[in-house]
1. Count, please, the residues in region B:63-77 that happen to be assigned to a strand (DSSP E or B) and surrounded by 14 or more Cβ atoms within 10 Å (Cβ to Cβ).
2. Return the residues of region A:76-94 that are over 16 Å from the mean Cα position of the chain (by Cα), touching a residue at least 60 places away in the same chain (Cβ under 8 Å) and at negative phi; say none if nothing qualifies.
3. If the requirement is being over 21 Å from residue A:97 (Cβ atoms), touching a strand residue (DSSP E or B) at 6+ places or on another chain (Cβ under 6 Å) and buried (at least 21 other Cβ atoms within 10 Å of the Cβ), which of these qualifies: B:6, B:14?
4. Considering only residues that are part of a loop (DSSP other than H, G, I, E, B) and either at positive phi or more than 7 Å from chain B (Cβ to nearest Cβ) (or both), look in region A:29-45 and name the one that is farthest from the chain's Cα centre (by Cα).
5. When the residues of region B:6-62 are filtered to those that are under 30 Å from residue A:10 (Cα atoms), touching a residue at least 24 places away in the same chain (Cβ under 8 Å) and not in a strand (DSSP E or B), which remaining residue is nearest to the other protein chains (Cβ to nearest Cβ)?
6. Which one is surrounded by the most Cβ atoms within 10 Å (Cβ to Cβ) among residues in region A:18-32 that are over 14 Å from residue A:110 (Cα atoms) and touching a strand residue (DSSP E or B) at 6+ places or on another chain (Cβ under 8 Å)?
7. Kindly establish whether residue B:80 is assigned to a loop (DSSP other than H, G, I, E, B), buried (at least 16 other Cβ atoms within 10 Å of the Cβ) and either away from every other protein chain (no Cβ under 14 Å) or touching a strand residue (DSSP E or B) at 6+ places or on another chain (Cβ under 9 Å) (or both).
8. Considering only region A:69-115, state which residues are under 23 Å from residue B:42 (Cα atoms), part of a loop (DSSP other than H, G, I, E, B) and more than 14 Å from chain B (Cβ to nearest Cβ).
């Protein structure tokens with residue numbers, strides 16, 4: 001069974017640009033959550049999608065957005081990139097919604113560097 | 001929203017010692033408490049989890065205890081080995097998606 005796949009693995013972007021990251025969940029999983037990981041800040045929740053609907057959103061500016069497709073694949077977009085957006089972006093897939101206590105499986109992450 | 005505090009941020013032990021990591025949470029609706037291990041350069045992986053109707057769970061050298069009244073839960077690793085060196089994250093979920101603590105870097109010296 002294939003795991004959670006994130007593409008691309010690495011990205012270097014310039015301030016002001018926008019970027020789109022992709023996450024393919026485990027087959028049969030309908031929930032995809034996105035997290036930003038930076039040193040000392042742990043895993044900060046961005047948003048969760050379940051059956052193509054955004055269920056929850058973390059405390060991030062509107063420059064961060066996402067969507068989920070009918071095959072459960074998800075994308076997140078960051079517009080007008082800032083230096084502080086440099087981070088490892090992780091997605092996690094679960095069979096059920098995040099509030100139902102199901103195990104979350106993480107992808108390898110996309111390392112975004114903004115210069 | 002939910003707030004999860006994790007302590008300590010760094011923990012150094014000698015091989016064979018025990019290690020304990022503690023987390024407190026704020027949302028009384030939290031009912032699922034997983035622990036993740038993240039080795040350097042790798043993805044976080046679930047090592048053990050517990051639900052609110054259980055007070056303790058063990059899996060070989062790893063155990064988790066939960067005190068719902070006090071809103072805290074702990075990870076216990078016995079007979080630590082160098083391969084246990086990693087960052088450990090606690091998390092909770094209740095009404096919302098998993099909320100993580102800031103992590104504990106565990107260093108096990110041979």
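1. In the first step, residues of region B:63-77 are kept if they are assigned to a strand (DSSP E or B); the result is B:63-67, B:72-77.
Those left that are additionally surrounded by 14 or more Cβ atoms within 10 Å (Cβ to Cβ): B:63-66, B:72-77.
Looking only at that region, the number is 10.
2. Start the filter on region A:76-94 by keeping residues that are over 16 Å from the mean Cα position of the chain (by Cα), which leaves A:80, A:82-84.
If we keep only those that are touching a residue at least 60 places away in the same chain (Cβ under 8 Å) as well, we get A:80, A:82-83.
Those that are over 16 Å from the mean Cα position of the chain (by Cα), touching a residue at least 60 places away in the same chain (Cβ under 8 Å) and at negative phi: A:82, A:83.
3. Working: B:14 fails: buried (at least 21 other Cβ atoms within 10 Å of the Cβ).
Just a single option satisfies the conditions, and that option is B:6.
4. The extreme case among them is A:40.
5. B:44
6. Kept after step one, since they are over 14 Å from residue A:110 (Cα atoms), are these residues of region A:18-32: A:18, A:25-32.
Filter once more, so that each one left must be touching a strand residue (DSSP E or B) at 6+ places or on another chain (Cβ under 8 Å): A:18, A:25-26, A:29-32.
Numbers: A:18: 11, A:25: 27, A:26: 17, A:29: 19, A:30: 16, A:31: 25, A:32: 29.
Among them, the one singled out is A:32.
7. Details: assigned to a loop (DSSP other than H, G, I, E, B): yes; buried (at least 16 other Cβ atoms within 10 Å of the Cβ): yes; either away from every other protein chain (no Cβ under 14 Å) or touching a strand residue (DSSP E or B) at 6+ places or on another chain (Cβ under 9 Å) (or both): yes.
Taking the combined requirement at face value, the residue satisfies it.
8. Residues satisfying the conditions are A:73, A:86.
The values are calculated or read from the model by the stated rules, or taken from the named source; none is laboratory data. What you are looking at is a predicted structure, and each value in this text was computed from that prediction instead of being measured. Please note: Cβ atoms are built from the backbone with ideal geometry, for glycine as well, and neighbour counts cover all protein chains shown.
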